[in-house]
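The values are calculated or read from the model by the stated rules, or taken from the named source; none is laboratory data. This one's a predicted model, so the numbers in the text were calculated from it and none came from an experiment. For neighbour counting, all protein chains shown are included, and Cβ atoms are generated from backbone atoms with ideal geometry for every residue, glycine included.
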Amino acid sequence: MSGADRPRVDPATVLDAARRRADLDALASGGEPDLLVVGAGVTGAGTALDAAARGLRVALVERGDLAHGTSRWSSKLVHGGLRYLAKGQIGVAVESARERGVLMETTAPHLVRTLPMVIPLHEGVDTAHAAAARTGMAVGDVLRAAAGTDRRALPRSRRLTVEQTLRLLPGVRREGLRGGLLSFDGQLTDDARLVVALARTAAGLGAGVVTRCAAERLGGDGAVLRDLRTGRRIEVAARAVVNATGVYAGELVPQVRLRPSRGTHAVLRAESVGRPKAALMVPVPGTANRFVFALPQPDGRVFAGLTDEPVDGPLPEVPQAPEGDVDFLLEVLNRALGTALGRADVAGAYAGLRPLLEGRGGTSADLSRSHAVIRSAEGVLTVVGGKLTTYRRMAEEAVDAAVGAAGLAAGACRTRALPLVGAAPRAVLDAVDAPRRMIARYGTEAPAVVAAAGGDPEMLRPVAAGVTPAEMRFAVEAEGALDAEDVLDRRTRLGLVAEDREAARPAAEAAVARAGEADPRR
(Lines give C-alpha, C1' and ligand atoms only; values in the text may rest on other atoms or scores of the structure.)
Protein backbone atom coordinates (compact mmCIF):
# COMPACT_ATOMS: atom_id res chain seq x y z
CA MET A 1 0.00 0.00 0.00
CA SER A 2 1.46 3.37 -1.01
CA GLY A 3 1.52 6.31 1.36
CA ALA A 4 -1.22 7.99 -0.67
CA ASP A 5 -3.47 4.95 -0.29
CA ARG A 6 -3.06 4.50 3.45
CA PRO A 7 -6.08 5.23 5.65
CA ARG A 8 -5.79 8.63 7.25
CA VAL A 9 -7.43 10.55 10.04
CA ASP A 10 -8.91 14.02 9.65
CA PRO A 11 -5.84 16.31 9.94
CA ALA A 12 -7.88 18.86 11.89
CA THR A 13 -8.32 16.34 14.72
CA VAL A 14 -4.65 15.41 15.00
CA LEU A 15 -3.01 16.29 18.30
CA ASP A 16 0.78 16.15 18.35
CA ALA A 17 3.71 18.24 19.54
CA ALA A 18 3.48 20.60 16.57
CA ARG A 19 -0.24 21.21 17.11
CA ARG A 20 0.34 21.85 20.81
CA ARG A 21 3.06 24.38 19.99
CA ALA A 22 0.84 26.18 17.47
CA ASP A 23 -2.10 26.35 19.88
CA LEU A 24 0.15 27.64 22.67
CA ASP A 25 1.68 30.27 20.39
CA ALA A 26 -1.81 31.41 19.43
CA LEU A 27 -2.61 32.02 23.10
CA ALA A 28 0.72 33.74 23.75
CA SER A 29 0.35 36.06 20.77
CA GLY A 30 -2.75 37.68 22.22
CA GLY A 31 -5.47 35.61 20.63
CA GLU A 32 -8.48 36.10 22.90
CA PRO A 33 -10.71 33.00 23.02
CA ASP A 34 -14.39 33.33 23.77
CA LEU A 35 -13.96 30.58 26.33
CA LEU A 36 -10.90 29.37 28.21
CA VAL A 37 -11.41 25.93 29.77
CA VAL A 38 -8.94 24.84 32.45
CA GLY A 39 -8.71 21.10 33.05
CA ALA A 40 -8.79 18.39 30.38
CA GLY A 41 -10.58 15.58 32.12
CA VAL A 42 -13.88 14.31 30.79
CA THR A 43 -15.80 17.40 31.92
CA GLY A 44 -13.27 19.94 30.66
CA ALA A 45 -12.79 18.19 27.32
CA GLY A 46 -16.56 17.86 27.02
CA THR A 47 -16.99 21.56 27.76
CA ALA A 48 -14.43 22.51 25.11
CA LEU A 49 -16.23 20.32 22.58
CA ASP A 50 -19.65 21.74 23.42
CA ALA A 51 -18.42 25.32 23.06
CA ALA A 52 -16.50 24.67 19.84
CA ALA A 53 -19.54 22.93 18.36
CA ARG A 54 -21.57 26.08 19.04
CA GLY A 55 -19.11 28.16 17.02
CA LEU A 56 -17.18 29.70 19.90
CA ARG A 57 -13.42 30.24 19.90
CA VAL A 58 -12.13 27.86 22.55
CA ALA A 59 -8.86 27.10 24.30
CA LEU A 60 -8.49 24.02 26.51
CA VAL A 61 -5.46 23.90 28.83
CA GLU A 62 -4.30 21.16 31.19
CA ARG A 63 -1.37 21.11 33.60
CA GLY A 64 -0.75 17.40 32.98
CA ASP A 65 -1.92 15.22 30.13
CA LEU A 66 -5.39 14.53 28.78
CA ALA A 67 -7.28 12.46 31.38
CA HIS A 68 -4.43 12.99 33.81
CA GLY A 69 -6.64 12.99 36.91
CA THR A 70 -9.87 11.42 38.10
CA SER A 71 -11.23 10.71 34.63
CA ARG A 72 -8.81 7.83 34.10
CA TRP A 73 -9.45 6.20 37.47
CA SER A 74 -13.12 5.26 37.06
CA SER A 75 -14.75 1.82 36.98
CA LYS A 76 -15.11 2.28 33.18
CA LEU A 77 -18.88 1.96 33.60
CA VAL A 78 -21.47 3.99 31.71
CA HIS A 79 -24.33 3.25 34.03
CA GLY A 80 -27.95 4.17 34.54
CA GLY A 81 -27.62 5.19 38.16
CA LEU A 82 -29.78 2.64 39.99
CA ARG A 83 -27.78 3.18 43.16
CA TYR A 84 -28.74 6.85 43.09
CA LEU A 85 -32.40 6.01 42.54
CA ALA A 86 -32.32 3.80 45.63
CA LYS A 87 -30.98 6.78 47.60
CA GLY A 88 -33.76 9.05 46.35
CA GLN A 89 -31.57 10.91 43.82
CA ILE A 90 -34.17 10.51 41.09
CA GLY A 91 -32.88 13.32 38.89
CA VAL A 92 -29.34 11.89 38.84
CA ALA A 93 -30.66 8.42 37.97
CA VAL A 94 -32.88 9.65 35.13
CA GLU A 95 -30.11 11.85 33.72
CA SER A 96 -27.64 8.96 33.92
CA ALA A 97 -29.94 6.63 32.00
CA ARG A 98 -30.49 9.23 29.29
CA GLU A 99 -26.79 10.06 28.92
CA ARG A 100 -25.86 6.37 28.88
CA GLY A 101 -28.09 5.97 25.81
CA VAL A 102 -26.48 8.95 24.08
CA LEU A 103 -23.00 7.49 24.57
CA MET A 104 -23.96 3.95 23.53
CA GLU A 105 -25.93 4.88 20.43
CA THR A 106 -24.62 8.20 19.12
CA THR A 107 -21.51 9.82 20.51
CA ALA A 108 -19.25 6.83 21.21
CA PRO A 109 -20.74 3.45 20.24
CA HIS A 110 -17.24 2.24 19.38
CA LEU A 111 -16.06 2.86 22.94
CA VAL A 112 -19.09 1.53 24.83
CA ARG A 113 -20.26 -2.07 24.89
CA THR A 114 -23.11 -3.90 26.61
CA LEU A 115 -22.05 -5.42 29.92
CA PRO A 116 -24.08 -8.19 31.60
CA MET A 117 -23.98 -7.89 35.39
CA VAL A 118 -24.91 -10.71 37.77
CA ILE A 119 -25.69 -10.87 41.48
CA PRO A 120 -25.19 -14.51 42.55
CA LEU A 121 -27.77 -15.56 45.11
CA HIS A 122 -25.95 -17.09 48.07
CA GLU A 123 -26.86 -17.07 51.74
CA GLY A 124 -25.60 -13.49 52.00
CA VAL A 125 -28.48 -12.37 49.78
CA ASP A 126 -31.66 -13.45 51.53
CA THR A 127 -35.10 -13.51 49.95
CA ALA A 128 -35.94 -9.96 50.98
CA HIS A 129 -32.68 -8.53 49.62
CA ALA A 130 -33.06 -10.52 46.40
CA ALA A 131 -36.61 -9.22 45.95
CA ALA A 132 -35.44 -5.64 46.52
CA ALA A 133 -32.59 -6.07 44.02
CA ARG A 134 -34.95 -7.57 41.45
CA THR A 135 -37.36 -4.66 41.91
CA GLY A 136 -34.50 -2.20 41.43
CA MET A 137 -33.48 -3.93 38.21
CA ALA A 138 -37.07 -3.72 36.94
CA VAL A 139 -37.05 0.02 37.65
CA GLY A 140 -33.80 0.16 35.71
CA ASP A 141 -35.58 -1.43 32.76
CA VAL A 142 -38.18 1.34 32.97
CA LEU A 143 -35.45 3.99 33.04
CA ARG A 144 -33.82 2.43 29.97
CA ALA A 145 -37.12 2.46 28.10
CA ALA A 146 -37.91 6.03 29.17
CA ALA A 147 -34.48 7.12 27.95
CA GLY A 148 -35.25 5.60 24.54
CA THR A 149 -32.23 3.29 24.53
CA ASP A 150 -32.57 0.39 22.10
CA ARG A 151 -33.53 -2.81 23.91
CA ARG A 152 -31.01 -4.70 21.78
CA ALA A 153 -28.25 -2.62 23.39
CA LEU A 154 -29.61 -3.04 26.91
CA PRO A 155 -31.86 -6.13 27.21
CA ARG A 156 -34.30 -6.61 30.05
CA SER A 157 -33.13 -7.87 33.41
CA ARG A 158 -34.14 -11.35 34.55
CA ARG A 159 -33.65 -14.17 37.04
CA LEU A 160 -31.03 -16.83 36.23
CA THR A 161 -30.93 -20.51 37.10
CA VAL A 162 -27.93 -21.99 38.87
CA GLU A 163 -26.60 -23.36 35.57
CA GLN A 164 -27.01 -20.02 33.77
CA THR A 165 -25.26 -18.20 36.61
CA LEU A 166 -22.31 -20.58 36.49
CA ARG A 167 -21.98 -20.20 32.73
CA LEU A 168 -21.59 -16.45 33.11
CA LEU A 169 -19.58 -16.62 36.33
CA PRO A 170 -17.61 -19.89 36.37
CA GLY A 171 -15.63 -18.78 39.41
CA VAL A 172 -18.50 -18.29 41.84
CA ARG A 173 -19.02 -20.64 44.78
CA ARG A 174 -21.41 -23.46 43.88
CA GLU A 175 -22.23 -24.33 47.49
CA GLY A 176 -25.50 -22.68 48.49
CA LEU A 177 -26.01 -21.00 45.08
CA ARG A 178 -29.72 -20.47 44.33
CA GLY A 179 -29.26 -18.80 40.95
CA GLY A 180 -28.59 -15.19 40.04
CA LEU A 181 -30.05 -11.85 39.02
CA LEU A 182 -28.99 -10.53 35.60
CA SER A 183 -29.09 -6.92 34.47
CA PHE A 184 -27.29 -4.96 31.74
CA ASP A 185 -25.34 -1.73 31.68
CA GLY A 186 -22.77 0.06 29.54
CA GLN A 187 -19.01 -0.39 29.81
CA LEU A 188 -16.30 1.81 28.33
CA THR A 189 -13.40 0.17 26.57
CA ASP A 190 -11.39 2.80 28.43
CA ASP A 191 -12.28 6.06 30.17
CA ALA A 192 -9.07 7.86 29.13
CA ARG A 193 -9.78 7.03 25.49
CA LEU A 194 -13.13 8.78 25.82
CA VAL A 195 -11.36 11.93 27.01
CA VAL A 196 -8.86 11.78 24.14
CA ALA A 197 -11.73 11.39 21.67
CA LEU A 198 -13.51 14.42 23.16
CA ALA A 199 -10.39 16.58 22.96
CA ARG A 200 -9.61 15.55 19.39
CA THR A 201 -13.20 16.14 18.28
CA ALA A 202 -13.06 19.60 19.85
CA ALA A 203 -9.75 20.25 18.07
CA GLY A 204 -11.38 19.24 14.80
CA LEU A 205 -13.92 22.00 15.36
CA GLY A 206 -11.20 24.58 15.94
CA ALA A 207 -10.50 24.37 19.68
CA GLY A 208 -6.94 24.89 20.85
CA VAL A 209 -5.69 22.07 23.07
CA VAL A 210 -2.56 22.60 25.19
CA THR A 211 -1.35 20.06 27.72
CA ARG A 212 1.55 20.61 30.18
CA CYS A 213 0.19 24.13 30.67
CA ALA A 214 -0.72 25.09 34.24
CA ALA A 215 -3.09 27.84 35.31
CA GLU A 216 -1.42 29.88 38.06
CA ARG A 217 -4.26 32.38 38.44
CA LEU A 218 -7.83 32.55 37.16
CA GLY A 219 -10.14 35.50 36.71
CA GLY A 220 -13.43 35.95 34.97
CA ASP A 221 -11.64 37.68 32.10
CA GLY A 222 -8.61 35.44 31.66
CA ALA A 223 -5.77 33.62 33.33
CA VAL A 224 -2.06 33.48 33.97
CA LEU A 225 -0.67 30.29 32.46
CA ARG A 226 2.73 28.65 32.56
CA ASP A 227 4.10 26.33 29.90
CA LEU A 228 5.55 23.53 32.01
CA ARG A 229 7.81 22.37 29.19
CA THR A 230 9.66 25.68 28.86
CA GLY A 231 8.71 27.67 31.95
CA ARG A 232 7.27 30.46 29.80
CA ARG A 233 4.61 32.58 31.57
CA ILE A 234 1.62 33.63 29.49
CA GLU A 235 -1.16 36.07 30.31
CA VAL A 236 -4.33 35.17 28.43
CA ALA A 237 -7.44 37.28 28.07
CA ALA A 238 -10.72 35.45 27.54
CA ARG A 239 -14.35 36.52 27.50
CA ALA A 240 -15.29 33.67 29.84
CA VAL A 241 -13.36 31.16 31.94
CA VAL A 242 -14.47 27.70 33.09
CA ASN A 243 -12.63 25.91 35.89
CA ALA A 244 -13.06 22.19 35.17
CA THR A 245 -10.23 20.89 37.34
CA GLY A 246 -12.44 18.50 39.29
CA VAL A 247 -11.27 17.62 42.76
CA TYR A 248 -8.58 20.34 42.53
CA ALA A 249 -11.08 23.11 41.67
CA GLY A 250 -10.69 24.78 45.06
CA GLU A 251 -6.98 25.34 44.49
CA LEU A 252 -7.83 27.86 41.76
CA VAL A 253 -11.15 29.11 43.17
CA PRO A 254 -11.01 28.91 46.97
CA GLN A 255 -14.74 29.60 47.34
CA VAL A 256 -15.49 26.17 45.88
CA ARG A 257 -15.97 23.74 48.78
CA LEU A 258 -15.64 20.05 48.04
CA ARG A 259 -15.59 16.88 50.08
CA PRO A 260 -13.42 14.47 48.09
CA SER A 261 -13.82 10.74 48.38
CA ARG A 262 -11.45 7.97 47.30
CA GLY A 263 -12.53 5.14 45.04
CA THR A 264 -10.04 2.25 44.92
CA HIS A 265 -9.86 -0.60 42.40
CA ALA A 266 -7.74 -3.73 42.37
CA VAL A 267 -6.53 -5.07 39.02
CA LEU A 268 -6.85 -8.86 38.78
CA ARG A 269 -6.01 -11.38 36.09
CA ALA A 270 -9.17 -12.91 34.61
CA GLU A 271 -8.06 -16.47 35.41
CA SER A 272 -7.95 -15.69 39.13
CA VAL A 273 -11.70 -14.94 39.06
CA GLY A 274 -12.63 -17.87 36.81
CA ARG A 275 -12.59 -15.88 33.53
CA PRO A 276 -16.01 -14.27 34.04
CA LYS A 277 -18.27 -13.54 31.07
CA ALA A 278 -20.24 -10.99 33.08
CA ALA A 279 -19.61 -8.55 35.89
CA LEU A 280 -19.82 -10.10 39.33
CA MET A 281 -21.77 -8.03 41.87
CA VAL A 282 -21.41 -8.87 45.57
CA PRO A 283 -23.40 -6.94 48.21
CA VAL A 284 -21.34 -5.18 50.88
CA PRO A 285 -22.41 -6.68 54.21
CA GLY A 286 -24.50 -4.37 56.35
CA THR A 287 -25.55 -2.08 53.49
CA ALA A 288 -28.74 -1.90 51.46
CA ASN A 289 -27.46 -0.84 48.05
CA ARG A 290 -23.66 -1.00 47.94
CA PHE A 291 -21.80 -3.65 45.96
CA VAL A 292 -18.26 -4.65 45.15
CA PHE A 293 -17.89 -5.36 41.44
CA ALA A 294 -15.52 -7.57 39.50
CA LEU A 295 -15.63 -6.08 36.02
CA PRO A 296 -14.10 -8.13 33.15
CA GLN A 297 -12.11 -6.09 30.63
CA PRO A 298 -11.48 -6.88 26.96
CA ASP A 299 -7.73 -7.16 27.59
CA GLY A 300 -7.98 -10.08 30.02
CA ARG A 301 -7.90 -8.05 33.20
CA VAL A 302 -10.64 -7.72 35.80
CA PHE A 303 -11.15 -4.49 37.73
CA ALA A 304 -12.45 -5.04 41.25
CA GLY A 305 -14.00 -2.06 42.98
CA LEU A 306 -15.18 0.16 44.47
CA THR A 307 -14.47 1.84 47.78
CA ASP A 308 -15.96 5.15 48.86
CA GLU A 309 -13.82 6.72 51.58
CA PRO A 310 -13.53 10.40 52.60
CA VAL A 311 -10.19 12.09 51.96
CA ASP A 312 -8.80 14.79 54.23
CA GLY A 313 -5.74 16.97 53.93
CA PRO A 314 -3.66 17.88 50.85
CA LEU A 315 -4.70 16.16 47.63
CA PRO A 316 -2.04 14.13 45.79
CA GLU A 317 -1.63 14.48 42.04
CA VAL A 318 -1.73 10.69 41.66
CA PRO A 319 -3.69 9.03 44.49
CA GLN A 320 -2.42 5.76 45.90
CA ALA A 321 -4.58 2.72 46.61
CA PRO A 322 -4.24 1.88 50.33
CA GLU A 323 -3.60 -1.72 51.32
CA GLY A 324 -6.70 -1.66 53.50
CA ASP A 325 -8.91 -0.71 50.55
CA VAL A 326 -7.58 -3.61 48.47
CA ASP A 327 -8.05 -6.02 51.39
CA PHE A 328 -11.66 -4.85 51.74
CA LEU A 329 -12.38 -5.49 48.06
CA LEU A 330 -10.92 -9.00 48.18
CA GLU A 331 -12.77 -9.81 51.39
CA VAL A 332 -16.16 -8.90 49.91
CA LEU A 333 -15.52 -10.68 46.60
CA ASN A 334 -14.39 -13.83 48.40
CA ARG A 335 -17.87 -14.16 49.93
CA ALA A 336 -19.10 -15.21 46.48
CA LEU A 337 -16.09 -16.99 44.94
CA GLY A 338 -15.29 -20.67 44.98
CA THR A 339 -11.55 -20.06 45.32
CA ALA A 340 -10.55 -17.21 47.59
CA LEU A 341 -8.47 -14.37 46.19
CA GLY A 342 -5.22 -13.43 47.91
CA ARG A 343 -2.74 -10.61 47.51
CA ALA A 344 -0.77 -12.71 45.00
CA ASP A 345 -3.78 -12.44 42.67
CA VAL A 346 -3.58 -8.63 42.62
CA ALA A 347 -1.64 -7.51 39.54
CA GLY A 348 -2.08 -3.81 40.27
CA ALA A 349 -4.30 -1.24 41.93
CA TYR A 350 -5.43 2.33 41.36
CA ALA A 351 -7.45 4.98 43.15
CA GLY A 352 -9.30 8.06 42.03
CA LEU A 353 -10.68 11.07 43.90
CA ARG A 354 -14.31 12.02 43.37
CA PRO A 355 -15.04 15.78 43.41
CA LEU A 356 -18.20 15.58 45.55
CA LEU A 357 -20.03 18.74 46.51
CA GLU A 358 -19.88 19.39 50.22
CA GLY A 359 -23.12 18.37 51.92
CA ARG A 360 -24.56 17.04 55.12
CA GLY A 361 -24.34 13.34 54.40
CA GLY A 362 -22.94 11.19 57.18
CA THR A 363 -20.41 9.51 54.88
CA SER A 364 -18.98 10.28 51.47
CA ALA A 365 -21.14 7.46 50.10
CA ASP A 366 -24.20 9.45 51.20
CA LEU A 367 -23.30 12.58 49.25
CA SER A 368 -25.18 13.36 46.07
CA ARG A 369 -23.54 12.72 42.70
CA SER A 370 -25.36 15.74 41.27
CA HIS A 371 -23.30 18.50 39.71
CA ALA A 372 -23.27 22.28 39.82
CA VAL A 373 -21.94 25.30 37.96
CA ILE A 374 -20.73 27.88 40.47
CA ARG A 375 -19.83 31.49 39.63
CA SER A 376 -17.14 33.08 41.82
CA ALA A 377 -16.98 36.72 42.82
CA GLU A 378 -14.28 37.18 40.16
CA GLY A 379 -16.56 35.72 37.50
CA VAL A 380 -14.90 32.30 37.09
CA LEU A 381 -17.37 29.52 36.36
CA THR A 382 -16.52 26.25 38.12
CA VAL A 383 -18.25 23.06 36.99
CA VAL A 384 -17.93 20.32 39.56
CA GLY A 385 -19.56 17.21 41.01
CA GLY A 386 -21.40 14.69 38.86
CA LYS A 387 -19.92 11.56 37.35
CA LEU A 388 -18.37 10.35 34.13
CA THR A 389 -21.65 9.18 32.55
CA THR A 390 -23.21 12.64 32.80
CA TYR A 391 -20.21 14.64 31.57
CA ARG A 392 -22.08 15.87 28.47
CA ARG A 393 -24.89 17.48 30.48
CA MET A 394 -22.37 19.04 32.85
CA ALA A 395 -20.53 20.50 29.88
CA GLU A 396 -23.75 21.80 28.32
CA GLU A 397 -24.72 23.59 31.53
CA ALA A 398 -21.24 25.07 31.91
CA VAL A 399 -21.29 26.49 28.37
CA ASP A 400 -24.85 27.76 28.83
CA ALA A 401 -23.66 29.61 31.93
CA ALA A 402 -20.64 31.05 30.13
CA VAL A 403 -22.73 32.20 27.18
CA GLY A 404 -25.20 33.89 29.50
CA ALA A 405 -22.64 35.49 31.80
CA ALA A 406 -20.41 36.89 29.03
CA GLY A 407 -23.11 37.59 26.45
CA LEU A 408 -21.46 35.32 23.89
CA ALA A 409 -23.04 34.81 20.49
CA ALA A 410 -23.41 31.05 20.29
CA GLY A 411 -25.65 28.46 18.73
CA ALA A 412 -27.60 25.80 20.56
CA CYS A 413 -25.92 22.77 22.11
CA ARG A 414 -25.16 20.12 19.46
CA THR A 415 -23.36 17.42 21.41
CA ARG A 416 -26.35 15.13 21.93
CA ALA A 417 -26.19 14.25 18.23
CA LEU A 418 -22.46 14.79 17.57
CA PRO A 419 -20.37 11.62 17.12
CA LEU A 420 -16.82 11.66 18.43
CA VAL A 421 -13.80 10.81 16.27
CA GLY A 422 -13.98 7.13 15.34
CA ALA A 423 -17.69 6.83 16.12
CA ALA A 424 -20.20 5.30 13.71
CA PRO A 425 -23.36 3.19 13.85
CA ARG A 426 -22.68 -0.39 14.89
CA ALA A 427 -23.44 -1.71 11.41
CA VAL A 428 -20.69 0.53 10.02
CA LEU A 429 -18.25 -0.46 12.75
CA ASP A 430 -18.90 -4.14 12.02
CA ALA A 431 -17.77 -3.57 8.42
CA VAL A 432 -14.47 -1.83 9.30
CA ASP A 433 -11.50 -3.77 7.95
CA ALA A 434 -9.32 -4.03 11.05
CA PRO A 435 -8.86 -6.29 14.09
CA ARG A 436 -11.93 -6.31 16.37
CA ARG A 437 -9.86 -5.25 19.35
CA MET A 438 -8.65 -2.13 17.55
CA ILE A 439 -12.15 -1.23 16.37
CA ALA A 440 -13.29 -1.31 20.01
CA ARG A 441 -10.62 1.27 20.83
CA TYR A 442 -10.39 3.39 17.67
CA GLY A 443 -13.63 2.80 15.78
CA THR A 444 -13.47 3.85 12.15
CA GLU A 445 -9.87 5.04 12.67
CA ALA A 446 -8.67 1.49 13.36
CA PRO A 447 -7.35 1.04 9.76
CA ALA A 448 -5.25 4.18 10.23
CA VAL A 449 -3.75 2.67 13.37
CA VAL A 450 -2.87 -0.46 11.42
CA ALA A 451 -1.37 1.73 8.69
CA ALA A 452 0.83 3.43 11.31
CA ALA A 453 2.81 0.17 11.33
CA GLY A 454 4.18 1.18 7.95
CA GLY A 455 3.97 -2.40 6.67
CA ASP A 456 6.24 -3.76 9.41
CA PRO A 457 4.61 -6.90 10.88
CA GLU A 458 6.54 -6.44 14.14
CA MET A 459 4.67 -3.20 14.70
CA LEU A 460 1.42 -5.18 14.86
CA ARG A 461 2.73 -7.81 17.25
CA PRO A 462 1.41 -7.19 20.81
CA VAL A 463 4.01 -6.27 23.42
CA ALA A 464 1.69 -6.53 26.47
CA ALA A 465 -2.04 -6.96 27.14
CA GLY A 466 -2.75 -7.03 23.40
CA VAL A 467 -1.30 -3.56 22.75
CA THR A 468 0.91 -3.15 19.67
CA PRO A 469 3.75 -0.71 18.87
CA ALA A 470 1.57 0.67 16.06
CA GLU A 471 -0.90 1.91 18.67
CA MET A 472 1.90 3.62 20.56
CA ARG A 473 3.05 5.30 17.39
CA PHE A 474 -0.51 6.47 16.71
CA ALA A 475 -0.75 7.81 20.28
CA VAL A 476 2.20 10.11 19.62
CA GLU A 477 1.41 11.05 16.03
CA ALA A 478 -2.34 11.68 16.39
CA GLU A 479 -3.48 11.57 20.03
CA GLY A 480 -1.29 14.12 21.77
CA ALA A 481 1.01 11.82 23.74
CA LEU A 482 4.24 13.72 24.47
CA ASP A 483 6.25 11.13 26.40
CA ALA A 484 6.34 7.45 27.28
CA GLU A 485 4.20 7.97 30.40
CA ASP A 486 1.43 9.51 28.29
CA VAL A 487 1.54 6.44 26.06
CA LEU A 488 1.68 3.86 28.84
CA ASP A 489 -0.57 5.45 31.44
CA ARG A 490 -3.28 7.23 29.44
CA ARG A 491 -3.38 6.05 25.81
CA THR A 492 -2.91 2.30 26.32
CA ARG A 493 -3.34 1.86 30.13
CA LEU A 494 -0.48 -0.63 30.24
CA GLY A 495 0.84 1.25 33.26
CA LEU A 496 -1.87 -0.30 35.45
CA VAL A 497 0.23 -3.45 35.78
CA ALA A 498 3.94 -3.02 36.54
CA GLU A 499 5.14 -5.97 34.48
CA ASP A 500 3.10 -4.82 31.46
CA ARG A 501 4.55 -1.33 31.80
CA GLU A 502 8.12 -2.60 31.78
CA ALA A 503 7.50 -4.96 28.86
CA ALA A 504 6.02 -2.13 26.78
CA ARG A 505 8.31 0.73 27.79
CA PRO A 506 10.92 0.21 25.00
CA ALA A 507 8.21 0.39 22.33
CA ALA A 508 6.68 3.49 23.93
CA GLU A 509 10.03 5.23 24.11
CA ALA A 510 10.76 4.28 20.50
CA ALA A 511 7.47 5.87 19.38
CA VAL A 512 8.31 9.12 21.19
CA ALA A 513 11.89 9.14 19.87
CA ARG A 514 10.70 8.58 16.30
CA ALA A 515 8.42 11.61 16.54
CA GLY A 516 11.28 13.64 18.02
CA GLU A 517 13.51 12.77 15.07
CA ALA A 518 10.79 13.93 12.68
CA ASP A 519 10.34 17.17 14.66
CA PRO A 520 13.48 18.15 16.62
CA ARG A 521 11.56 21.00 18.33
CA ARG A 522 9.59 18.54 20.48
Worksheet item: Taking region 132-150, which residues are assigned to a loop (DSSP other than H, G, I, E, B) and surrounded by fewer than 18 Cβ atoms within 10 Å (Cβ to Cβ)?
Response: Gly148, Asp150
Worksheet item: Can you name every residue in region 344-365 that is at pLDDT 95 or above and either charged (D, E, K, R) or assigned to a helix (DSSP H, G or I) (or both)?
Response: Ala344, Asp345
Worksheet item: Within region 413-425, is there a residue that is without any contact (Cβ under 8 Å) to a residue 60 or more places away in the chain and among the hydroxyl-bearing types (Ser, Thr, Tyr)?
Response: no
Item to complete: Inspect all residues belonging to region 26-36 and state whether any of them is touching a strand residue (DSSP E or B) at 6+ places or on another chain (Cβ under 7 Å), of a type in the set (A, V, I, L, M, F, W, C) and within 19 Å of Glu479 (Cβ to Cβ).
Response: no
Item to complete: Restricting attention to region 116-131, report how many residues are outside any strand (DSSP E or B) and touching a Leu at 6+ places or on another chain (Cβ under 8 Å).
Response: 3
Fill in: Ala97, sole failed condition from (1) under 26 Å from Ile439 (Cα atoms); (2) at pLDDT 95 or above; (3) in contact with a Leu (Cβ under 7 Å, 6 or more places away or on another chain); (4) not in a loop (DSSP other than H, G, I, E, B)
(2)
Worksheet entry | Residues of region 46-61 classified as within 15 Å of Arg414 (Cα to Cα) and either assigned to a loop (DSSP other than H, G, I, E, B) or touching a Pro at 6+ places or on another chain (Cβ under 6 Å) (or both), total | 3
Item to complete: Output the residue which, of all residues in region 250-261 that are at pLDDT below 95 and buried (at least 20 other Cβ atoms within 10 Å of the Cβ), is nearest to Asp308 (Cα to Cα).
Response: Ser261
Practice prompt. Mind counting the residues in region 427-457 that are loosely packed, with under 14 Cβ neighbours inside 10 Å, of a type outside the set (Asp, Glu) and over 15 Å from Arg473 (Cβ atoms)?
Written response: 4
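Residue-by-condition table, conditions (1) more than 29 Å from Glu396 (Cα to Cα); (2) in contact (Cβ under 8 Å) with a residue 40 or more places away in the chain; (3) aliphatic (A, V, I, L, M):
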{"residue": "Thr106", "(1), (2), (3)": "no, yes, no"}
{"residue": "Thr114", "(1), (2), (3)": "no, yes, no"}
{"residue": "Ala128", "(1), (2), (3)": "yes, no, yes"}
{"residue": "Leu154", "(1), (2), (3)": "no, yes, yes"}
Discussion item. Please determine whether any residue of region 168-183 is surrounded by fewer than 24 Cβ atoms within 10 Å (Cβ to Cβ), in contact with a strand residue (DSSP E or B) (Cβ under 6 Å, 6 or more places away or on another chain), in a helix (DSSP H, G or I) and in the same structural domain as His129 (by TED's automatic domain parsing).
Written reply: yes
Worksheet item: Restricting to region 151-167, what's the tally of residues that are of a type in the set (A, V, I, L, M), out of contact with any Phe, Trp or Tyr (no Cβ under 7 Å at 6 or more places or on another chain) and not in a strand (DSSP E or B)?
Response: 3
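Residues are listed down the side, and each one gets a yes or a no for (1) closer than 30 Å to Met281 by Cα; (2) touching an Asp or Glu at 6+ places or on another chain (Cβ under 9 Å); (3) at pLDDT below 95:
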{"position": "Arg20", "(1), (2), (3)": "no, no, no"}
{"position": "Leu24", "(1), (2), (3)": "no, yes, no"}
{"position": "Ala40", "(1), (2), (3)": "no, yes, no"}
{"position": "Thr47", "(1), (2), (3)": "no, yes, no"}
{"position": "Leu56", "(1), (2), (3)": "no, yes, no"}
{"position": "Gly64", "(1), (2), (3)": "no, yes, no"}
{"position": "Gly80", "(1), (2), (3)": "yes, yes, yes"}
{"position": "Lys87", "(1), (2), (3)": "yes, yes, yes"}
Worksheet item: Applying the selection to region 388-413, what residues are charged (D, E, K, R) and closer than 14 Å to Arg375 by Cβ?
Response: Glu397, Asp400
Worksheet entry | Check on Ala470, touching a Leu at 6+ places or on another chain (Cβ under 6 Å) and surrounded by fewer than 20 Cβ atoms within 10 Å (Cβ to Cβ) | no
Worksheet entry | Candidates His79, His129 - the one that is in contact with a strand residue (DSSP E or B) (Cβ under 8 Å, 6 or more places away or on another chain) and over 30 Å from Ala40 (Cβ atoms) | His129
Fill in: Top-ranked residue of region 270-308 - restricted to ones that are modelled with pLDDT of 95 or more and among the basic types (Lys, Arg), ranked as farthest from Gly324 (Cα to Cα)
Lys277
Item to complete: Could you run through region 268-305 and say how many residues are over 21 Å from Leu188 (Cβ atoms), small (Gly, Ala, Ser), in contact with a strand residue (DSSP E or B) (Cβ under 9 Å, 6 or more places away or on another chain) and part of a loop (DSSP other than H, G, I, E, B)?
Response: 1
Worksheet item: Among the residues of region 70-77, is any part of a loop (DSSP other than H, G, I, E, B), modelled with pLDDT under 90 and not assigned by TED's automatic domain parsing to the domain that holds Leu337?
Response: no
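Conditions (1) in a loop (DSSP other than H, G, I, E, B); (2) outside the structural domain of Ala108 (by TED's automatic domain parsing); (3) buried (at least 20 other Cβ atoms within 10 Å of the Cβ), marked per residue:
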residue: Thr201; (1), (2), (3): no, yes, yes
residue: Ala214; (1), (2), (3): no, yes, no
residue: Arg217; (1), (2), (3): no, yes, no
residue: Val224; (1), (2), (3): no, yes, no
residue: Gly231; (1), (2), (3): yes, yes, no
residue: Val236; (1), (2), (3): no, yes, yes
residue: Val241; (1), (2), (3): no, yes, yes
residue: Ala266; (1), (2), (3): no, no, yes
Worksheet entry | Leading residue by the ranking (surrounded by the most Cβ atoms within 10 Å (Cβ to Cβ)) among those in region 151-167 that are of a type in the set (A, V, I, L, M, F, W, C) and more than 27 Å from Leu341 (Cα to Cα) | Leu154
